[in-house]
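*Asks:* Here's a structure for you.
Every number in this text was worked out from the coordinates using simple rules, so none of it is lab data. Every value quoted in this text rests on a predicted model; they were computed, and no experiment measured them. With ideal geometry, Cβ positions are generated from the backbone for all residues, glycine too; neighbour counts draw on all protein chains shown.
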Amino acid sequence: MSHYRVRVERNKLKFAAAHMATFAGQCEPLHGHNYAVSIEVAGTLTEDAWVADFSLLKTLGKAICDELDHAFLLQRDSRVLEIDEGMSNWKVRFGERGFVFPKSDVRALPIDNTTAERLAEWFAGRLRGDLQARGAANLSELRVEVEEAPGQGACFVVDLGR
Ligand SMILES: [Zn+2]
């Protein structure tokens, strides 16, 4: 069966966020990126010769970007950071470095690190749910790329099993 791919990217699919990823037992300094997201879906054509409505992909993608925009992205499931959830703050500690973030400024994500790879995986999982809630039964694959900087990104591909 023929498959087609459609892609939306960059224009409005952006967010600016702070994070500190960990690597090899170390923790980056707190810093931020102007992230850019690309979304690609593959599938068969509907009766109207669509794979997916570009505007729907952009709308769903932008809503997820907006959730992350101007926030600190916390890897809630980190095995390296000490993380305590209080009533109104998240306390994050790495060795001698300690941070207290008001909850309103934090997006606590169920991931073990805030790498572009994990952010792409999380984003794809959210978008998959949103797409399935809208039908989209003709789609066979969803691919999300998260770029930390132009030309520096990671992709996650979800096989939708069709
Ligand atoms: Zn970074």
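*Asks:* Go through region 129-162 and report how many residues are within 21 Å of Arg10 (Cβ to Cβ) and free of Cβ contacts under 8 Å to residues at least 60 places away in the same chain.
*Replies:* Residues that pass the stated criteria total 7.
*Asks:* Considering only region 103-117, state which residues are more than 16 Å from the ligand (Cβ to nearest atom) and more than 13 Å from Ala18 (Cβ to Cβ).
*Replies:* Matches in region 103-117: Lys103, Ser104, Ala108, Pro110.
*Asks:* What do you reckon, is Leu127 in contact with a Ser or Thr (Cβ under 8 Å, 6 or more places away or on another chain) and under 17 Å from Asp53 (Cβ atoms)?
*Replies:* no
*Asks:* Related question: Taking region 93-118 on its own, how many of its residues are in contact with a helix residue (DSSP H, G or I) (Cβ under 8 Å, 6 or more places away or on another chain) and not β-branched (Val, Ile, Thr)?
*Replies:* 4
*Asks:* Okay, next question. Search region 121-157 for residues being over 15 Å from Glu67 (Cβ atoms) and in a helix (DSSP H, G or I), and hand back the single one that is nearest to the ligand (Cβ to nearest atom).
*Replies:* So, considering only residues that are over 15 Å from Glu67 (Cβ atoms) and in a helix (DSSP H, G or I), the one nearest to the ligand (Cβ to nearest atom) is Glu121.
*Asks:* May I pose another question? Tell me, which residue of region 1-57 that is polar (S, T, N, Q) and surrounded by 17 or more Cβ atoms within 10 Å (Cβ to Cβ) is farthest from the ligand (Cβ to nearest atom)?
*Replies:* Per the stated criteria, the residue is Ser38.
*Asks:* Select, from Leu13, Leu45, Leu30, the only residue that is aliphatic (A, V, I, L, M) and under 19 Å from Val158 (Cβ atoms).
*Replies:* Leu13
Let's see how each residue does on (1) within 20 Å of Gly129 (Cα to Cα); (2) touching a helix residue (DSSP H, G or I) at 6+ places or on another chain (Cβ under 8 Å):
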{"position": "Glu28", "(1), (2)": "no, no"}
{"position": "His33", "(1), (2)": "no, no"}
{"position": "Ala36", "(1), (2)": "no, no"}
{"position": "Ala42", "(1), (2)": "yes, no"}
{"position": "Gly61", "(1), (2)": "yes, yes"}
{"position": "Gln75", "(1), (2)": "no, yes"}
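*Asks:* Still on this model: Being more than 16 Å from the ligand (Cβ to nearest atom) and either touching a residue at least 40 places away in the same chain (Cβ under 8 Å) or touching a Cys at 6+ places or on another chain (Cβ under 7 Å) (or both) narrows it down to one residue among Leu60, Leu81, Leu68, Leu74; which is it?
*Replies:* Leu60
*Asks:* Pairs please, first residue from region 3-22 and among the aromatic types (Phe, Trp, Tyr), second anywhere and outside any strand (DSSP E or B) and surrounded by fewer than 18 Cβ atoms within 10 Å (Cβ to Cβ), Cβ atoms under 8 Å, 6+ apart in sequence or on different chains.
*Replies:* That search, which allows pairs on different chains as well, returns Tyr4/Thr44; Tyr4/Leu45; Phe15/Asp66; Phe15/Asp69; Phe15/His70.
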